[in-house]
Amino acid sequence: MKNVLVTGGAGFIGSNFVRYLLDASRESQLQVVNLDALTYAGSLENLRDLPRPERHTFIQGDICNRDLVRDLLRRHQIDTIVHFAAETHVDRSILSPEPFIQTNVIGTFTLLEAARKYWLEKKALPLEQVRFHHVSTDEVYGTLKPEDPAFSETTPYAPNSPYAASKASSDHLARSYNHTYQLPLTISNCSNNYGPRQFPEKLIPLIILNALTGKPLPVYGDGQQIRDWLFVTDHCEAIHKIITQGRSGETYNIGGNNQPANLTIVETVCDLLDELQPLAEPHRSLIKFVTDRPGHDRRYAMNISKIKRELGWQPRYSLTDGLLATVQWMLANPDWVAAIQKQREYQTWLDKNYDKR
Ligand code: NAD
Ligand code: DAU
């Protein structure tokens, strides 16, 4: 791995992964090219104070732009693609699904085609030195009943939201490029991430931000839905292991082994803030049950025995430590928070999603 193209590297997980790669203790000769369209979810703020910034090149652009992608692969002699760029918020996919099809399906197809042409047709680099890694989600597997076993790599796909369906489509395309063309490729399906730099439309940063400003904390339905929470640097480490040691053609499930109900997550954040930033009333008094998400998946859980067995990966962070680190990061970075709060698009989103709930 010498010249890595990271797509979506100005977003939440992508920017944490760029930091992870640039860390001096990892590949010392590495160059990172970061392609990101800077949609509402991406920001150059996420790329401030990078370690070894001379090894990082940022390109603002769209993964659906075929000529741009083709040119980047050639110009930077890209040997590794780590593909994060996507539309990622389930609630937005319910209200406006089209950008999800464009970026997640067409964008992934565009990248796969560019890699096939550069690596397989042009034979630009030795095949054993190249790798396409496609970053995906546990949501492609659908929802679990309380008694069901956790999702494994062989669980049939049953995506329930337009977001999940668009990611499932991209997974199928990625898999087919390995099967048909032998494009060196791996896929990871990961559970819910949280941590520094997550856009505050997702549950945990939204709750922290609302709690800090004394606003209601919206809990969908009865709050008993279950997600499998993973601290973001654990996800970065898992992806790095897959790229460097994982077998081409394989899918790896990644999860946190932390599966509390949403309401418990919200209450835990409230209790942390009571200690770190107390209000006159306990933060729990801000909790407000609101109309549920249409088609809301009830429960996710990941079986991570394959990645544990083959690559020796398992999460390092407990939920308590991860949530504390996340809240402390948000408190220590008021400029990052203020920049998002100033975005008109963000306020419009909050009105659109929460006003009529
Ligand atoms: P995010 O929404 O925070 O960031 C997405 C990034 O992609 C942004 O920087 C955005 O500007 C960029 N982008 C969007 N459309 C683009 C386009 N057409 N061209 C170039 N860049 C574009 O997302 P995230 O939460 O960091 O998720 C990253 C990846 O991980 C996604 O593929 C997502 O499906 C997957 N994933 C996320 C989670 C999670 O809990 N957040 C869990 C599992 C998998
Ligand atoms: O499971 C992996 C997926 O996790 C990723 O693929 C997605 O990109 C990511 O957005 C996330 O999807 P979720 O829908 O699970 O995440 P979100 O943070 O939006 O919601 C988490 C849970 O909290 C979910 O059950 C819905 C609920 N929720 C969410 C919001 C925003 C609330 O109760 N209130 C809210 O205001």
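Considering only residues in the range 251-284 that are among the aliphatic types (A, V, I, L, M) and not in a helix (DSSP H, G or I), the one that is farthest from ligand 1 (Cβ to nearest atom) turns out to be ALA280.
Go through the range 247-278 and give me each residue that's of a type in the set (A, V, I, L, M, F, W, C) and in contact with a helix residue (DSSP H, G or I) (Cβ under 8 Å, 6 or more places away or on another chain).
ILE254, ILE265, VAL266, VAL269, CYS270, LEU272, LEU273, LEU276
Residues checked against (1) of a type in the set (Ser, Thr, Tyr); (2) closer than 24 Å to GLY42 by Cα; (3) assigned to a strand (DSSP E or B):
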{"residue": "ALA158", "(1), (2), (3)": "no, no, no"}
{"residue": "LYS167", "(1), (2), (3)": "no, yes, no"}
{"residue": "SER170", "(1), (2), (3)": "yes, yes, no"}
{"residue": "ILE187", "(1), (2), (3)": "no, yes, yes"}
{"residue": "PRO205", "(1), (2), (3)": "no, yes, no"}
{"residue": "LEU209", "(1), (2), (3)": "no, yes, no"}
{"residue": "LYS215", "(1), (2), (3)": "no, no, no"}
{"residue": "THR233", "(1), (2), (3)": "yes, yes, no"}
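In the range 156-170, is there at least one residue being exposed (fewer than 15 other Cβ atoms within 10 Å of the Cβ) and out of contact with any Leu (no Cβ under 7 Å at 6 or more places or on another chain)? Yes. The residue of the range 285-307 that is nearest to ligand 2 (Cβ to nearest atom), among those that are closer than 24 Å to THR143 by Cβ and in a helix (DSSP H, G or I), is ILE307. Considered as a group, the residues in the range 69-114 that are more than 14 Å from SER166 (Cβ to Cβ) and without any contact (Cβ under 8 Å) to a residue 24 or more places away in the chain include one that is nearest to ligand 2 (Cβ to nearest atom), and that residue is ASP71.
A single entry from ASP271, ASP292 fulfils the requirement of being modelled with pLDDT of 95 or more, of a type outside the set (Val, Ile, Thr), surrounded by fewer than 17 Cβ atoms within 10 Å (Cβ to Cβ) and more than 20 Å from TYR220 (Cβ to Cβ): ASP271.
Let's see how each residue does on (1) near ligand 2 (Cβ under 10 Å from one of its atoms); (2) buried (at least 22 other Cβ atoms within 10 Å of the Cβ):
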| site | (1), (2) |
| --- | --- |
| SER191 | yes, yes |
| ILE207 | yes, yes |
| ALA211 | no, yes |
| GLN224 | yes, no |
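Anything in the range 117-140 that is within 16 Å of ligand 2 (Cβ to nearest atom), among the hydrophobic types (A, V, I, L, M, F, W, C) and free of Cβ contacts under 8 Å to residues at least 60 places away in the same chain? List them, or say none. VAL140 - this is the single residue of the range 117-140 that is within 16 Å of ligand 2 (Cβ to nearest atom), among the hydrophobic types (A, V, I, L, M, F, W, C) and free of Cβ contacts under 8 Å to residues at least 60 places away in the same chain. Per the listing GLN341, GLN347, the residue uniquely within 23 Å of the chain's Cα centre (by Cα) and at pLDDT below 95 is GLN341.
The values are calculated or read from the model by the stated rules, or taken from the named source; none is laboratory data. As the structure is a computational prediction, the values presented were derived from the model and not from experiment. Positions of Cβ are generated from backbone atoms using ideal geometry, with glycine treated the same way; all protein chains shown enter the neighbour counts.
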